[in-house]
Each structure stands twice: as C-alpha cells, then as structure tokens.
C-alpha cells in the first residue's frame, strides 16, 4: 500500500524516491547517449535499438515497449511530429531536421520518463530558438514544484514563459502526468492555465513535466497509425520532459544527471535578482 494525498496522488517516502531516482538516471543516461548518436544518416529505428540496448544493459526494462500496443522503446518525433512518433527505418535523418526523443524505463518497479529535442546538424535559427524556448519553459514549470504550491502553477509558468517569447502554439490536449509505480498516473499536468488551482503540492509527490511547443498553430491531429501526433499546419514542434519529485528542499529532477541542481540554481538566482529594489542615489 502507498500513502496518497486527499486527491489520490501517490506519495513516495525517501526510500521510494531513491528508487525513482535510480530509474530516472537510467533514462537520463540513455538520452545523453541518444543525443550524441543523432546525426545525418541515422534512422529513428537505429536510435531505438541503441536505447533498448542501453536500458536493458542497466538491468531496466523499456517502459514504452508494449505499452497499450506501442511497438518501440522510444518515441521518435521528427520535425512536424509533436509526440508519440513510432521509430522506423523508412527515412534517414537529414541535416536541418529536429527530432524529439521520449524515453522511459522501469527499474525495481519504478518508472522514469524524460524527453529531449535534438537538432540534426545545422538547423534553421528559428528551430534553435524553438528548442531553447521549449526547454526553458519546462524548467520554469519544474521550478514551480514546491511544497504548498498548486498543480496549475506548472502549466501557468510554462505558458507564461512561452507567450513571452513569441507567437508559438501550445497544444492544449497534451501535457504531463503523475509518475511512480506506473508511467502515467493521475493527475494530468496541463501546459497552460491560471495559477493557484488544483491539488497542493506535498513532499513525496512526483510528476512528469513535459511541454510541447509548436512553431505555428497549436492545433494537431493523430495519424492513421493511431499514435503519431502532428501539427495541423505542418510546421515543426519541440518537446522536453523531466520526471520530478517534490521535496522539502525544492524540486528534485529525477531524470537529470545532476538532479536539476545547476539549472534550478540559475533560475532562483535570476528570480532573486529580479526582486531586488535598487537603492535611491
């Protein structure tokens, strides 16, 4: 039996958080290997094979493979594919592409889930900026995961940052989720909305924070394979995700190799600087 909040959200103890951290590190290391493997000429199916070997080599199980019939270890979404792309060898990656790689692993019964978007060689500056904005929006959402905060604070911070950076589309129907003994658990985590709503954060809660941001419209459709989500206007998309635990000391990023320490320290320093009122001369 697991402790749950009054809203039914699973609460992990310190030992369980440690186990989730171990699963998260398997995912984090696998994604770094995949990042270094992305290059013109490689296929998404090649990347899938690399991921499966890496995950199983650490004694873990790929959590996507077989999940509701999904046939692969990673989701590989290229260019206008938003999420849930099925890796194939039908095309090789080309210079100028972008690929979002979503990866999950189960270790000792606990799940880790994370995603990155990687440029293939030299890409258009607009795509470089799209990737930067999406990753930064994720970190802004993660920084909201503090004891006493509200679930909707995540989506508010994601949306607030994206809107401040230009005219991007945020798909309304896709978002993050709770995570723990299952990959997808309640609650759903929106990437938009007002702050101060929903369940309050308690230490031991864990969430996957995962913004998807499109270069054009926020409207999407699902292809005939019943998995791959694409932008309706055919413009590129980016996707980032980390699994995060709420602790008394702030968010612990379970799938980041450093636990998110460096990035969160930078954000906190920036917030502190922004609140300093200069002295009058």
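The values are calculated or read from the model by the stated rules, or taken from the named source; none is laboratory data. Keep in mind it's a predicted model, so treat the numbers as computed, not measured. Please note: Cβ atoms are built from the backbone with ideal geometry, for glycine as well, and neighbour counts cover all protein chains shown.
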Inset, instruction - Report yes if residue 148 is at pLDDT 95 or above, within 30 Å of residue 202 (Cβ to Cβ) and more than 17 Å from the chain's Cα centre (by Cα), otherwise no. - result: yes
Legend entry - Restricting region 153-174 to residues that are outside any helix (DSSP H, G or I) and touching a helix residue (DSSP H, G or I) at 6+ places or on another chain (Cβ under 7 Å), the residue that is farthest from residue 132 (Cα to Cα): 170
Legend entry - Test result for residue 77, surrounded by 14 or more Cβ atoms within 10 Å (Cβ to Cβ), out of contact with any helix residue (DSSP H, G or I) (no Cβ under 8 Å at 6 or more places or on another chain) and modelled with pLDDT of 95 or more: yes
Legend entry - Filter result for residue 25 (surrounded by 18 or more Cβ atoms within 10 Å (Cβ to Cβ), under 20 Å from residue 260 (Cα atoms), modelled with pLDDT of 95 or more and touching a helix residue (DSSP H, G or I) at 6+ places or on another chain (Cβ under 6 Å)): no
Legend entry - Filtered residues of region 233-268 (kept if within 16 Å of the chain's Cα centre (by Cα) and in a helix (DSSP H, G or I)): 263, 264
Inset, instruction - Select from region 30-59 the residues that are touching a helix residue (DSSP H, G or I) at 6+ places or on another chain (Cβ under 7 Å) and under 17 Å from residue 259 (Cα atoms) and list them in ascending order. - result: 30
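Rundown of residues vs (1) at pLDDT 95 or above; (2) more than 22 Å from residue 17 (Cβ to Cβ); (3) touching a strand residue (DSSP E or B) at 6+ places or on another chain (Cβ under 6 Å), yes/no style:
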{"residue": "199", "(1), (2), (3)": "yes, no, no"}
{"residue": "206", "(1), (2), (3)": "yes, no, yes"}
{"residue": "239", "(1), (2), (3)": "yes, yes, yes"}
{"residue": "259", "(1), (2), (3)": "yes, no, yes"}
